[in-house]
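Encoded as structure tokens, the structure appears first; notes follow it.
Values quoted throughout were computed directly from the atomic coordinates according to the rules given, and no laboratory measurement underlies them. Just so you know, these numbers come straight off a predicted model, no measurement behind them. With ideal geometry, Cβ positions are generated from the backbone for all residues, glycine too; neighbour counts draw on all protein chains shown.
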Amino acid sequence: MAGKSIAVLASGRGTNLQSLIDGINSGSIKNAALKLVVSDNQRAYALERAMTGGIEAIWINPQAYKGRGDYNDAIMEEFRKRDIDLVVLAGYMRILSAAFVRAYRDAIINVHPSLIPSFCGKGYYGERVHREALEYGVKVTGATVHFVDEGTDTGPIILQQAVEVLPGDTVDSLAKRVLQVEHTLLPRAVDLYCRGCLSIEGRRVIICGENNGGALCKGEH
């Protein structure tokens, strides 16, 4: 089974990117090669993390393009040059074009800091997600890894994990605990994808073993 070539889009610190780098290096993410990291932010620490890990990293300046479509086309061209199989959004702060999503249908994975469909959608990113969870008074929040479709945080859900909201939590304290869960869920989802252990039925993502009496998928043999 040929290894999957992965590209990561990131805009900031790149801690989720680091979880992927560590997972591949440790062997917990199998059948995968992280080929490229692209950022829309020239100062993104994610670029430095990539270069430190021996991974090609490039900044593509969105201001150099007429609009979102042209910018996304430029990113896709870089991906085509490297035969990218899977795109991972790791703190990427831009919306992908419909053409991008069509080109990588069911091959784009995103991580979101809530239990979708709560506290998600247009404008829900960063501190806002955790602030609104606290203001609403929920007892649990969490993290979600999902496939990307043409909507915002609307694609089929791969994995979720709850995080208890504690008395006295602040936006910062809650965000830190949710991020720790993201660092676990995202590498696991990427590993499942790269081993061919995911399939989509309607809105449901089926993980090998869930519907077949625990039988192993081809990627696990």
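Within the option set ILE158, ILE84, ILE116, ILE95, being within 17 Å of SER11 (Cα to Cα) and among the hydrophobic types (A, V, I, L, M, F, W, C) holds for one residue only, ILE95. Where helices (runs of 4 or more DSSP H) fall entirely within the stretch 1-113, those with at least 1 residues that are of a type in the set (S, T, N, Q), closer than 21 Å to THR152 by Cβ and touching a strand residue (DSSP E or B) at 6+ places or on another chain (Cβ under 8 Å) are at 15-26.
Listed by first and then second residue, the pairs with beta-carbon distance under 7 Å, at least 6 apart or on different chains, first residue in the stretch 73-86 and in contact (Cβ under 8 Å) with a residue 12 or more places away in the chain, second surrounded by 15 or more Cβ atoms within 10 Å (Cβ to Cβ) and polar (S, T, N, Q), are ARG82/SER5; ASP83/SER5; ILE84/SER5; ASP85/SER5. Here GLY121 does not fit the description of being surrounded by fewer than 22 Cβ atoms within 10 Å (Cβ to Cβ), over 14 Å from the mean Cα position of the chain (by Cα) and without any contact (Cβ under 8 Å) to a residue 12 or more places away in the chain. Filtered by the rule that a residue be surrounded by 15 or more Cβ atoms within 10 Å (Cβ to Cβ) and within 17 Å of ILE84 (Cβ to Cβ), the stretch 54-66 gives ILE55, ALA57, ILE60. The listed residues are TYR136, TYR92, TYR124, and the only one of them that is of a type in the set (Phe, Trp, Tyr) and in contact with a helix residue (DSSP H, G or I) (Cβ under 8 Å, 6 or more places away or on another chain) turns out to be TYR124.
Across the stretch 166-184, the qualifying residues are those that are touching a helix residue (DSSP H, G or I) at 6+ places or on another chain (Cβ under 9 Å) and either among the aliphatic types (A, V, I, L, M) or farther than 30 Å from GLY137 by Cβ (or both), and the one among them that is surrounded by the most Cβ atoms within 10 Å (Cβ to Cβ) is VAL178.
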